[in-house]
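Q: This is the structure I want to talk about, given as C-alpha cells.
The values are calculated or read from the model by the stated rules, or taken from the named source; none is laboratory data. None of these values were measured; they are calculated from a predicted model. Neighbour counts run over all protein chains shown; Cβ positions are idealised from the backbone, glycine included.
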C-alpha cells in the first residue's frame, strides 16, 4: 500500500482529458453504432466520415463544457459507465436503448433483472467502465482559474461546434437521408442515445404525475344472449409473453411444438401482428380501445381499458399475474401476483412456472357463480433464461441453452431452449382448456390467447426483443393468436368454429383483442367495434337480432369480401341475400 502511495500521480490538462475521453467513447463503446452506420450509409463514405467527425467534435465540446473542477471527473465517470453498460447490450444482443427500453428497465422486477446480471456483464463493466474510471479518478487534472478556463474552453468549444455544423451542412443530403430512413441510428450512439432516452422517459413520467383517468364504456351492459345462457359464462384471456408466431407448429412450424392444442382443435390465427415489441407497450395496447396507429402511452394511462368496460357491464374480472405486473391495466380490479410464492415446487428465486395458475383456476371455475373474465398474464418464453421457463419434463428439444449468456450457446441450442418454452406454453393452454371443459356442466367456458410480442433468436445478430417498432424484425412483431371454445359455450353463444377456422388466415392484430373479448361476453356498448371483433362474422345472431340485425350492417362496409365461406346468417343480415 505504501508503495502505491509513492507512485507519482500523472497530471493532465482538462482539455486533453476531454479529448481522450471523447476518443474512448467513440472508438471503444460504440461498436454497434459504427457497424450499423456503415451498413446504413451503404458506401457513402464521405457522408459517414463527416457524421462521425461531427459527432466526435460535438462530444468533445460537451465534455469540455463539463471540465469544471469537482464536476469533470464525476461527469466523465458517469458517462463512461452509461456507455459501457449500454454497449454490452447493444453489442451482444443487438438491442436499442430507446425510451421504450428505459421504460422496460424501470418496471422490471428484481427476478427478471437478475437474468441479465451475468459474469459476462461483470467482466465487460470491469474492463470498459471500472478500469477507465479508476484511471480518471487517479490522475491529477490541471484546472485554470475560472475566467481563464472559461475563455480557453470557449476557444475550443466554439470552433468544434462550428466545424461540426459545417461538416453536417456540407454533406447534409446524404446524412439527412440516412438518419431519416434509419431513425434508430442516433439512438445507438453512446452515451447520447441512452441519456436522451432516459430524459425523455423521465419527462413523460413527470407529465403523468397528476394524470386523471377518463371513464370508458360506462354505458356497457350484458346483452340478451348471455342473459339467456342459464349458467355462468367464463372467458379466460391468456396474455402470452415473448411467444413468436413462427415457432408455433399450429402456424406451420416444422417442429411439433403444439401437440396438445392441435389435439383440441383450437382456432389459430396465422397472420397476427403486435402493437409493440416490449411488454410495457404491447400489454397496455392490447387491452386499450386505441388501435396501434392511434395508441400512445399517455392515451392508455389516461383512459380506462377493456377490464374496466367489462366491469361497467357487470362482468366479474380477475387478473392473475405471473410476470412483472399488469402495467396499470388491473389497478381497479381484483389483482393477484403469482410470483415469489413460498413453499411451492413451481417457484424459485421470485419466479414461478406458469403451472402456478392451474390449481387456482380449477378452484375458481368450480366456484364460479356469475359471468366472469379471468386474465392470466404468463411468464411464458421470456428470455434470456429460456431454460428456466419449462420443467425437465418439457425439455424435449436438445441440446438446449442452459445459461442466460446467449453468446455462449450455439444458435441450435438457443432455438431448442426457446422451442421448449413454446412446448410448455402449449401444455399450459391445453390445461386451461381442459379445466374449462371439466366444469362445462356448470359453466360455458372459452379461452383466448394472444402473445404480447415476439422474440429474436439471433437472426441478423439480434436477440431478445424491444426493438423500435419502425425497424423491428418480424420475429418480434408476428405473434400467435388462438382460441378454444367449449361445446356449451359454442351452443350458448352461437359460435361456429368451422367458420372461424376458414377465416384464420386473414390479418389480425392486437387491435382485435379489446372488441373480441367484449363480443365473447356479449357486452353492448358504444365503444364496441364489430369490425374489429375477430369472431363476429362467425357468431350466429340471437333470434331477436336476426329480425333487424342493425349492427350487422357494419359487415357490408367493412371492406372484407364475403364469400361462400361466410355463414348464411351473416350474408342474410348484411343484406346480400
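Q: Is at least one residue of the range 69-87 within 18 Å of residue 178 (Cα to Cα), in contact (Cβ under 8 Å) with a residue 24 or more places away in the chain and crowded, with 21+ Cβ neighbours inside 10 Å?
A: Step one: filter the range 69-87 for residues within 18 Å of residue 178 (Cα to Cα), giving none.
The answer is no; no qualifying residue exists.
Q: Going through the range 442-452 one residue at a time, which ones are farther than 18 Å from residue 268 by Cα and either assigned to a strand (DSSP E or B) or without any contact (Cβ under 8 Å) to a residue 24 or more places away in the chain (or both)? Explain how you work it out, then say what you get.
A: Here is the first cut: in the range 442-452, the ones farther than 18 Å from residue 268 by Cα are 442-444.
Scanning the range 442-452 gives a single hit, 444.
Q: In this structure, does residue 404 turn out to be surrounded by 18 or more Cβ atoms within 10 Å (Cβ to Cβ), assigned by TED's automatic domain parsing to the domain that holds residue 242 and closer than 22 Å to residue 355 by Cβ? Before you say what the answer is, go through the steps one by one.
A: Numbers: surrounded by 18 or more Cβ atoms within 10 Å (Cβ to Cβ): yes; assigned by TED's automatic domain parsing to the domain that holds residue 242: yes; closer than 22 Å to residue 355 by Cβ: yes.
Yes: the conditions hold for residue 404.
Q: Separate question: Within the range 174-191, take every residue that is part of a helix (DSSP H, G or I) and touching a helix residue (DSSP H, G or I) at 6+ places or on another chain (Cβ under 7 Å) and give me the one that is farthest from residue 43 (Cα to Cα). Before the answer, list the steps.
A: Within the range 174-191, the subset part of a helix (DSSP H, G or I) is 174-181, 186-188.
Now restrict to residues that are touching a helix residue (DSSP H, G or I) at 6+ places or on another chain (Cβ under 7 Å): 174-175, 178-179, 186-188.
Numbers: 174: 11, 175: 12, 178: 12, 179: 15, 186: 18, 187: 21, 188: 20 Å.
The qualifying residue farthest from residue 43 (Cα to Cα) is 187.
Q: Something else about it: Could you list, in sequence order, the residues of the range 409-433 that are surrounded by fewer than 23 Cβ atoms within 10 Å (Cβ to Cβ) and free of Cβ contacts under 8 Å to residues at least 40 places away in the same chain?
A: Within the range 409-433, 409, 410, 412, 413, 416 meet the criteria.
Q: Listed residues 229, 238; which is at pLDDT 90 or above and part of a strand (DSSP E or B)? Can you show your working first?
A: Details: 229 fails: part of a strand (DSSP E or B).
Going through 229, 238 in turn, just one is at pLDDT 90 or above and part of a strand (DSSP E or B): 238.
Q: Being outside any helix (DSSP H, G or I) and more than 29 Å from the chain's Cα centre (by Cα) is the filter here; which residues of the range 5-37 pass it?
A: Step one: filter the range 5-37 for residues outside any helix (DSSP H, G or I), giving 7-13, 29-30.
Result: 7, 8, 9, 10, 11, 12, 13.
Q: Restricting to the range 276-293, what's the tally of residues that are surrounded by fewer than 23 Cβ atoms within 10 Å (Cβ to Cβ) and free of Cβ contacts under 8 Å to residues at least 60 places away in the same chain?
A: Qualifying residue count, the range 276-293: 2.
Q: Looking at (1) buried (at least 16 other Cβ atoms within 10 Å of the Cβ); (2) in contact with a helix residue (DSSP H, G or I) (Cβ under 6 Å, 6 or more places away or on another chain); (3) closer than 30 Å to residue 313 by Cβ, can you tell me which one residue 218 breaks?
A: Unmet condition: (1).
Q: The conditions are (1) modelled with pLDDT under 95; (2) part of a loop (DSSP other than H, G, I, E, B), and residue 301 fails exactly one of them. Which is it?
A: Just one mismatch for residue 301, condition (2).
Q: Could you say whether any residue in the range 409-427 is over 18 Å from residue 253 (Cα atoms) and in a helix (DSSP H, G or I)? Outline the logic, then answer.
A: In the first step, residues of the range 409-427 are kept if they are over 18 Å from residue 253 (Cα atoms); the result is 409-410.
With the extra rule that they be in a helix (DSSP H, G or I), the set shrinks to none.
Checking the range 409-427: not a single residue is over 18 Å from residue 253 (Cα atoms) and in a helix (DSSP H, G or I).
Q: Run down 475, 437 and say which single residue is touching a residue at least 40 places away in the same chain (Cβ under 8 Å), closer than 22 Å to residue 506 by Cα and assigned to a helix (DSSP H, G or I).
A: On the way: 437 fails: closer than 22 Å to residue 506 by Cα.
None of the other options fit; the residue is 475.
Q: Now a separate question. Taking the condition of being buried (at least 17 other Cβ atoms within 10 Å of the Cβ) and either in contact with a helix residue (DSSP H, G or I) (Cβ under 6 Å, 6 or more places away or on another chain) or not in a loop (DSSP other than H, G, I, E, B) (or both), how many residues in the range 381-394 meet it? Even if it seems obvious, please write down each step before you answer.
A: So the first thing to find is which residues in the range 381-394 are buried (at least 17 other Cβ atoms within 10 Å of the Cβ), and the list is 381-390, 394.
Imposing the further condition that a residue be either in contact with a helix residue (DSSP H, G or I) (Cβ under 6 Å, 6 or more places away or on another chain) or not in a loop (DSSP other than H, G, I, E, B) (or both) reduces the set to 381, 384, 386-390, 394.
Matching residues across the range 381-394 total 8.
Per-residue answers, yes or no, for (1) buried (at least 22 other Cβ atoms within 10 Å of the Cβ); (2) more than 22 Å from the chain's Cα centre (by Cα); (3) in the same structural domain as residue 446 (by TED's automatic domain parsing):
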| residue | (1), (2), (3) |
| --- | --- |
| 339 | no, no, yes |
| 350 | no, no, yes |
| 369 | no, yes, yes |
| 375 | yes, no, yes |
| 379 | yes, no, yes |
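Q: For the range 106-140, which residues satisfy the criterion of being within 20 Å of residue 381 (Cα to Cα) and either surrounded by 17 or more Cβ atoms within 10 Å (Cβ to Cβ) or in contact (Cβ under 8 Å) with a residue 24 or more places away in the chain (or both)? It would help to see each step written out before you state the result.
A: Of all residues in the range 106-140, those within 20 Å of residue 381 (Cα to Cα) come to 107-118.
Within the range 106-140, 107, 108, 109, 110, 111, 112, 114, 115, 116, 118 qualify.
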